[in-house]
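Data first, discussion second: the structure below is written as structure tokens.
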Amino acid sequence: MKPIEQMQTPDPRNVEHWRADFPILGERVHGRPLVYLDNGATTQKPASVIYAENAYYRHSNANVHRGVHLLSQRATDSFEAARATIARFINAQRPEEIVFVRGTTEAINLVAQSYARPRIKPGDEILISAMEHHSNIVPWQLLCEQTGAALKVVPIDDTGALDADAYERLLSERTRLVAMTHLANALGSINPVERLVAASHARGVPVLLDGAQAIAHLPVDVHAIACDFYAFSGHKVYGPTGIGVLYGKAALLEAMPPWQGGGDMIRSVTFEKTEYNEIPWKFEAGTPNIAGAIALGAALDYVDSIGMEAIAAHENELLAYATDALRVIPGLRFIGTARDKASILSFVLDGVHAHDVGTILDHHGIAVRAGHHCAMPVMQRFGVPATVRASLALYNRHQDIDALIEGLGKVREIFGT
Ligand code: PLP
């Protein structure tokens with residue numbers, strides 16, 4: 001990614017055009033205009049994505065890869081075209097390196113069970129960080145229970161940035177895999193992924209990156225990063241729920257056994273022996289989420305039509321505006337102030353539980369997330385039970401931040417803080 005100062009200057013007029021693409025932004029909540037600041041949990045969908053899903057069911061619905069009839073061919077063509085779109089979007093070398101899964105969680109579990117489990121022995125180590133989402137912790141704990149391997153955790157500093165020196169120290173001759181987030185969902189910290197991958201590869205250790213958050217906020221080029229696996233969910237990048245992607249280098253995917261058995265992942269079956277399909281279909285057992293994959297392709301086309309650099313520039317400007325406005329609120333403390341940061345404002349308010357903040361804001365039409373954000377170890381690291389998290393997307397604007405500030409004023413009035 002380019003340094004922020006080299007990025008396009010955001011044009012505030014764009015945001016109104018972009019907003020017009022998202023029908024849900026016209027909703028009212030508790031009688032107020034919706035201010036949607038829960039994009040880290042899931043993003044809203046542009047009309048083109050809703051249309052793509054609808055058009056598939058109206059004009060092309062059939063099962064893929066099997067039918068000789070026209071609808072099945074249409075469905076197959078659109079499904080495989082979506083795979084090619086995704087490959088281009090993250091600069092994978094071949095569409096076959098794109099495996100459709102339900103989401104980031106499933107992608108990480110697939111790597112844990114299919115790549116790691118057959119290779120891991122007692123005493124081996126898996127390296128993660130202290131800023132991970134539970135989806136990038138628990139699959140590795142399960143693997144450790146199954147194999148006798150140990151989980152090692154790279155610490156973070158008080159700003160929520162990764163301790164990169166500790167990372168290099170913890171990479172040992174026992175490390176078999178690194179699994180690290182690209183952008184931390186509870187803190188907003190961006191990890192220096194090229195550097196982490198280079199250090200890991202120097203020791204012959206492959207790297208999986210959890211791109212659940214990064215995919216919607218940073219240009220992602222898996223070839224340039226040189227990571228071995230990259231996981232993300234469609235719903236966090238303006239696509240539908242129930243569809244996601246595991247990118248894997250072809251040579252690694254080819255060497256991995258199937259994860260689940262069933263239809264589509266086989267070439268031939270007898271009771272004596274089953275021959276598996278080629279990648280990526282070897283990992284896609286059963287009827288896939290065809291409509292979801294096609295709509296995810298439409299979502300990435302939408303993002304491309306604006307340009308990730310323009311989106312990142314807009315969101316960075318908004319993040320700076322929001323940070324300045326929030327930091328002067330008495331009793332407000334940010335959790336997550338790393339220098340390299342994107343899209344997330346996580347904070348606590350003295351004397352008020354995060355859930356109460358979230359509930360009162362909701363009554364003012366403002367959707368934020370309050371809780372541990374599926375990152376309980378992060379909460380423990382910072383000694384808080386929960387935070388309020390406002391998370392940005394391309395359609396957020398200054399008015400949304402102003403509404404948040406006003407809402408927080410009401411919270412402080414109610415609690416007398
Ligand atoms: N990893 C990170 C960093 C996330 O933010 C999330 C979702 O919040 C996940 C993984 C899990 O994503 P999903 O629930 O779509 O599988």
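Here, each number is a calculation from the coordinates, and none is a lab measurement. Because the structure is predicted, anything quoted here is derived from the model rather than measured. With ideal geometry, Cβ positions are generated from the backbone for all residues, glycine too; neighbour counts draw on all protein chains shown.
In degrees between 0 and 90, to the nearest 10, how far off the longest principal axis of the chain does helix 354-363 point, with axes built from Cα atoms?
Rounded to the nearest ten degrees, it is 80.
How large is ³J(HN,Hα), in whole Hz, for each residue of segment 369-374 in order, when computed from phi with the Karplus curve 6.51 cos²θ - 1.76 cosθ + 1.60 and θ = phi - 60°, using x for Gly and Pro?
9, 10, x, 9, 6, 6
Out of all DSSP beta bridges with both ends in the chain, state the antiparallel percent to the nearest 5.
60
Output ³J(HN,Hα) for segment 271-283: one whole-Hz value per residue in order, computed from phi by the Karplus curve 6.51 cos²θ - 1.76 cosθ + 1.60 with θ = phi - 60°, and x for Gly and Pro.
Result, rounded to whole Hz: 5, 7, 7, 10, 9, 8, 5, 7, 6, x, 5, 3, 9.
What translational diffusion coefficient, to the nearest whole µm²/s, does segment 185-330 have by Stokes-Einstein, given a Kirkwood radius computed over alpha-carbon pairs, a temperature of 25 °C and 0.890 mPa s viscosity?
Answer from the Stokes-Einstein relation: 137 µm²/s.
Of 167, 344, 311, which is farthest along the charge dipole of the chain in the positive direction, counting Lys and Arg as +1 and Asp and Glu as -1 at C-beta?
167
About the Cα centre of the chain, what is the dipole size in debye to 20, counting +1 per Lys and Arg Cβ and -1 per Asp and Glu Cβ, all else neutral?
Using Cβ point charges on Lys, Arg, Asp and Glu, the chain gives about 520 debye.
With unit charges on the beta carbon (Lys/Arg positive, Asp/Glu negative), name the residue among 130, 109, 393 whose Cα is farthest towards the positive pole of the charge dipole of the chain.
Working it through, the farthest residue towards the positive pole turns out to be 109.
Computed over the Cα atoms, what is the radius of gyration of segment 29-128 divided by 2.2 N^0.38 Å, N being its residue count?
The reported ratio for this selection is 1.53.
Take every DSSP beta bridge whose two residues both sit in segment 167-248, then give the antiparallel share in percent to the nearest 5.
About 45 percent, rounded to the nearest 5.
Based on DSSP H runs of at least 4 residues, each adding -39500 (n - 2.57), what is the mean residue ellipticity at 222 nm of the chain after dividing by all its residues, to the nearest 500 deg cm²/dmol?
Calculated at 222 nm, the ellipticity per residue is -11000 deg cm²/dmol.
Just going by the charge dipole of the chain, with Lys and Arg at +1 and Asp and Glu at -1 on Cβ, which of 288, 299, 238 is farthest out on the positive end?
Working it through, the farthest residue towards the positive pole turns out to be 288.
So which aspartates and glutamates can residue 152 reach, going by Cα to Cα under 20 Å and dropping same-chain residues fewer than 8 places off?
Output for residue 152: 124, 125, 132, 163, 165, 168, 173, 210, 228.
Would you mind estimating how fast the chain diffuses translationally, via Stokes-Einstein at 4 °C and 1.567 mPa s with the Kirkwood radius over Cα pairs, in µm²/s?
58
Using a Cα-Cα cut-off of under 26 Å, which lysines could be cross-linked to residue 236, ignoring same-chain neighbours fewer than 8 residues away?
Within reach: 2, 45, 249, 282, 341.
Any chance you could give the angle, 0 to 90 degrees and rounded to 10, that helix 70-89 forms with the longest Cα principal axis of the chain?
Around 60 degrees separate the two axes.
Using 0.36 nm per residue, how much length does the chain from residue 58 to residue 278 gain when fully extended, once their Cα-Cα distance is taken away?
Stretched out fully, the residue 58 to residue 278 stretch lengthens by 76.1 nm.
I'd like the distance between the alpha-carbon centres of segment 132-168 and segment 34-73, rounded to an integer number of Å.
For segment 132-168 versus segment 34-73, the Cα centre distance is 35 Å.
What number comes out for the charge environment of residue 277, summing +1 per Lys or Arg and -1 per Asp or Glu over other residues with Cβ under 10 Å away?
-2
Want the number for residue 69 to residue 306: 0.36 nm per residue separation, take away the alpha-carbon distance, what's left?
Separation in residues times 0.36 nm, less the Cα-Cα distance, equals 81.7 nm.
On a 0 to 90° scale, report how tilted helix 308-327 is relative to the longest principal axis of the chain, with both axes built from alpha carbons and the result rounded to the nearest 10.
40
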